[in-house]
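Some notes on the structure that comes next.
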Amino acid sequence: MTVGGVSPSDDLGSAAVVAVLVVLAASLVLLVLETRHRERSARGVVVTGILALALLAGAILRPVRVSVLGTRVGPKVVVLVDGSRRLLIPEKDRAGTRFDEAIASVRALGKRFRDARVTTLEFGSGPATPLSTDPGAARPTAKESDLPAALGSITDVVGERPSAIVVVSDGRLSNPSGDAVSAEALGRLGVPVHTVAIGDRAPADASIRSVRAAGAAVAHQPLALTIEVGCSGGLPCKLVPVTVTELRSGVEPALLAAGEAKVEDGVGKLELSVTLDRAGARILQVSIEPPEGDEVPENDHRLLTFAVARDRVRLLHLAGRPTYDVRALRRWLKSDEAVDVVAFFILREGGKGQDDPNADERDLALIEFPVTELFTTHLPSFDAVILQDIDAVQYKLDQHLPRLARYVESGGGLIMVGGPSSFAGGNYARTPLDSVLPVGQVAGDEVVDPAPFTPVYTPAGLAAPVTRALRDLLGPELPVMHGTNLLGAVRPGAIVLLEHPHLLAGGSPMPVLALGEAGDGRAIALSVDDTHQLAFSELAAKVAGRAYGALWDGLLGWLMRDARYEAARVELPEDCVAGEPTKLRVTRLPGMDGPVEAWIEPLAAEKGEPVKLVAEGGGAVVDVPVPKLAEGGYTARVRVGASPPTRHDFACERGGPAWSDSRPDPERLQRIASVTGGRAVRPAEVESIPVPEATEVAAERHVTPVLPPWAWSLASAVVLGAHWVSRRRAGLS
């Protein structure tokens, strides 16, 4: 199609053209006023004047003929499909989900805009991204539905803007919210936004709408949770039971709180207080017991990860006698303001041979040793327990060892330090502690070897961050230890950092310092009671005794899962969604070399065989693909080289926050269409959406001068001369 016309020369701006026209119009008005009241005929003056002004305008404007060869193309239309996981909520009265209905609507829109240039995009929590409507294409995975962010990514670009935008959603958007639909919230687009509302009914559903925590989670301190429960679709709700449990490795979930939410007008709120005794990532499950007829059971519970901080480390230190090693450890613990230590150590031995046969057991300690109260009432309040050279039978610990083992499996820490009354010498062999200690215990008459020796680092000991500060001070050298408890072989999964240079256990060098995990907790076995040699020996004097604190800082830090003493930082770059693959991101800490190995197992009492994962790459940051997982909590253990493993707990949800409210909201889509000048329809009404006009596209443009510039100048000069002559004859100056 060719379009022609005349326009001023291209080198003149619009301001210059306007100025010329204004001056010429003023000149014409003055000419008319000048000749209007003349008695003699001034027709020649007027004619030549008008002609002179016209030719002068031509000389200045230099008009050109313009012919444009163009074409018409279909309008640009963008279809935005809601990419939230919420659209995967199944529809009871349909064989599919809301997303299936959305894809069917996209195909219908394709037919409606068959002559337009249609781009189909998906929106979630950021800029819109391309969406494939092919069968078997990826399903939506976004947690949110941020429409303004998607609209901004379409309209705030250089180039052609769309002539129309069509939003396909159920209306339950995270942004704009129901009360914030306005031109300001959506941005002043200048483009009509049409909406297609999918999901025509609210399912009968009781759900956990939200869980909010008041403040940060701190170990041993109450944390207030506000839980909002919603009921929709005519489901009868009055009192909805709510429970909060903590998922733990190797043990049953622990019930933290329970209550009932009173539902009024479809919404009920409940405040529950929970206390988390362990620091680090803790997985809580908030569950409701819905009424009969609930159609969406997947949102009856939420799996939430709380990063629990630690205000102070609470330790229980129990020692059987005031030896040099006991005093050194107690003094070091007391010197650290970040450690809150409760210490009991016996001043005199009980039983036969005591100085006073009539002495009461309460006389054997500085204060009464409340063993029963400690292990029945106060044990969960401690982060770790240190048993140092204390006889289990003599001081009535044996009856509480099953509870102590369960405490470790539930997330507590345990350190057993050597001495004549430690390990088998303290009657701990063949007790429930066997299941949580990282080493076996030797039973028999020979439980202690008094011969001096120098411990030797294992490859893991030379690589572990636990001993890095000690190695930085002393290098590979260690002081002489005066005897050791005899220990058995290391248990599967445990790590030996120090070993005996001569003694064997199970055909391998006997462990001296071993670390291990038991259920949700950690345990350390140290076979010597001579670590004070790191503070007072000749070797220790070279570094002013700082090696003692370096060792115990590492041991206590590893026990408390301090990130400084882990070999790597493990995280999930994206949320884990049940039934979809994900990945672990492993960042090696400085100095950590060797291959990356990873295992994953569920947070449950019956864990089964851990699934080994294969790491990809060997740089500082390594991604470990994780296969599709069922809904629940999981523990990932990652080992870098020979170092002790690093643990990371996480949860996989089926719907998560996107499924918290299953009600569609077509009214919100109507408001969006109204404020943008669009039309709100149902899927069956997409044919009523207006089609924008086609766009003109110029393909070729030709410019030809009407006359050469010299011809305009010459003609205007000649006519101006004739005009001057006419004025003189008419008596005008």
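Of everything in segment 432-467 that's assigned to a strand (DSSP E or B) and open to solvent by 50 Å² or more (accessible area, probe 1.4 Å), which residue is nearest to A494 (Cα to Cα)?
Only one residue tops the list, namely V456.
Please tell me if A642 is out of contact with any strand residue (DSSP E or B) (no Cβ under 6 Å at 6 or more places or on another chain) and either acidic (D, E) or within 30 Å of A54 (Cα to Cα) (or both).
Answer is no for this residue.
All but one of (1) at pLDDT below 80; (2) closer than 23 Å to P692 by Cβ; (3) in a helix (DSSP H, G or I) hold for V106; which doesn't?
Condition not satisfied by V106: (1).
What number of residues within segment 226-264 are within 27 Å of G215 (Cα to Cα), in a loop (DSSP other than H, G, I, E, B) and of a type outside the set (S, T, Y)?
Residues that pass the stated criteria total 3.
Please tell me if A651 is in contact (Cβ under 8 Å) with a residue 40 or more places away in the chain, in a helix (DSSP H, G or I) and under 28 Å from the mean Cα position of the chain (by Cα).
So A651 does not fit the description; no.
Please specify each residue of segment 640-651 satisfying the condition of being at pLDDT 90 or above and open to solvent by 30 Å² or more (accessible area, probe 1.4 Å).
R647, H648 - these are the residues of segment 640-651 that are at pLDDT 90 or above and open to solvent by 30 Å² or more (accessible area, probe 1.4 Å).
Residues of segment 335-371 being modelled with pLDDT of 85 or more and surrounded by fewer than 13 Cβ atoms within 10 Å (Cβ to Cβ), which ones?
S335, E337, A338
Count, please, the residues in segment 109-150 that happen to be in a helix (DSSP H, G or I), without any contact (Cβ under 8 Å) to a residue 60 or more places away in the chain and under 19 Å from I198 (Cβ atoms).
Looking only at that region, the number is 2.
Going through V342, V286 one at a time, which residue ends up being touching a strand residue (DSSP E or B) at 6+ places or on another chain (Cβ under 6 Å), farther than 23 Å from A605 by Cβ and hydrophobic (A, V, I, L, M, F, W, C)?
V342
Pull up segment 275-289, narrow it to residues that are within 23 Å of the chain's Cα centre (by Cα) and among the β-branched types (V, I, T), then point me to the one that is farthest from E228 (Cα to Cα).
Filtering first and then ranking leaves I283.
Would you confirm whether any residue within segment 376-391 is in contact with a Phe, Trp or Tyr (Cβ under 6 Å, 6 or more places away or on another chain) and either modelled with pLDDT under 90 or open to solvent by less than 20 Å² (accessible area, probe 1.4 Å) (or both)?
Taking every residue of segment 376-391 in turn, at least one turns out to be in contact with a Phe, Trp or Tyr (Cβ under 6 Å, 6 or more places away or on another chain) and either modelled with pLDDT under 90 or open to solvent by less than 20 Å² (accessible area, probe 1.4 Å) (or both).
Quick one: in segment 232-248, of everything that is at pLDDT 95 or above and polar (S, T, N, Q), which residue is most open to solvent (accessible area, probe 1.4 Å)?
T243
Listed residues R668, R654; which is surrounded by 20 or more Cβ atoms within 10 Å (Cβ to Cβ) and closer than 26 Å to P90 by Cα?
Checking each option against the conditions leaves just R668.
Which is among the basic types (K, R), within 27 Å of the chain's Cα centre (by Cα) and surrounded by fewer than 17 Cβ atoms within 10 Å (Cβ to Cβ), of R117, R98, R139?
R139
Which of the following residues is surrounded by fewer than 19 Cβ atoms within 10 Å (Cβ to Cβ) and either closer than 25 Å to T467 by Cβ or within 23 Å of the chain's Cα centre (by Cα) (or both): K628, K612?
K628
Can you confirm whether G412 is in contact with a Phe, Trp or Tyr (Cβ under 8 Å, 6 or more places away or on another chain) and either open to solvent by less than 10 Å² (accessible area, probe 1.4 Å) or at pLDDT 95 or above (or both)?
Judged against the criteria, G412 is a match.
Working only within segment 579-620, note down all residues that are assigned to a strand (DSSP E or B), among the acidic types (D, E), out of contact with any Ser or Thr (no Cβ under 8 Å at 6 or more places or on another chain) and touching a residue at least 40 places away in the same chain (Cβ under 8 Å).
Hit for segment 579-620 is E597, nothing else.
Is it the case, given these coordinates, that V45 is open to solvent by less than 10 Å² (accessible area, probe 1.4 Å), out of contact with any Cys (no Cβ under 9 Å at 6 or more places or on another chain), at pLDDT below 80 and more than 30 Å from P683 (Cα to Cα)?
Criteria met by V45.
Restricting to segment 195-218, count the residues that are modelled with pLDDT under 90 and surrounded by 21 or more Cβ atoms within 10 Å (Cβ to Cβ).
1
For every residue, the table says whether it meets (1) out of contact with any strand residue (DSSP E or B) (no Cβ under 8 Å at 6 or more places or on another chain); (2) under 25 Å from R330 (Cα atoms).
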residue: L387; (1), (2): no, yes
residue: G418; (1), (2): no, yes
residue: S421; (1), (2): yes, yes
residue: G444; (1), (2): yes, no
residue: Y457; (1), (2): no, no
residue: P465; (1), (2): yes, yes
residue: D472; (1), (2): yes, yes
residue: P476; (1), (2): no, no
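Within segment 249-272, identify whether any single residue is polar (S, T, N, Q) and open to solvent by less than 20 Å² (accessible area, probe 1.4 Å), and answer yes or no.
yes
If I ask for residues that are open to solvent by 20 Å² or more (accessible area, probe 1.4 Å) and of a type in the set (F, W, Y), which ones from segment 520-569 would you list?
If the condition is that a residue be open to solvent by 20 Å² or more (accessible area, probe 1.4 Å) and of a type in the set (F, W, Y), then F536, Y565 are the ones that fit.
Among the residues in segment 660-670, are any modelled with pLDDT of 90 or more, touching a strand residue (DSSP E or B) at 6+ places or on another chain (Cβ under 7 Å) and assigned to a strand (DSSP E or B)?
no
The values are calculated or read from the model by the stated rules, or taken from the named source; none is laboratory data. These figures come from a predicted structure and were not determined experimentally. No Cβ is skipped: glycine too gets one built from the backbone with ideal geometry, and neighbour counts run over all protein chains shown. With ligands, DNA and RNA removed, areas are computed over all heavy atoms of the protein, side chains included. Shrake-Rupley method; radii C 1.70, N 1.55, O 1.52, S 1.80 Å.
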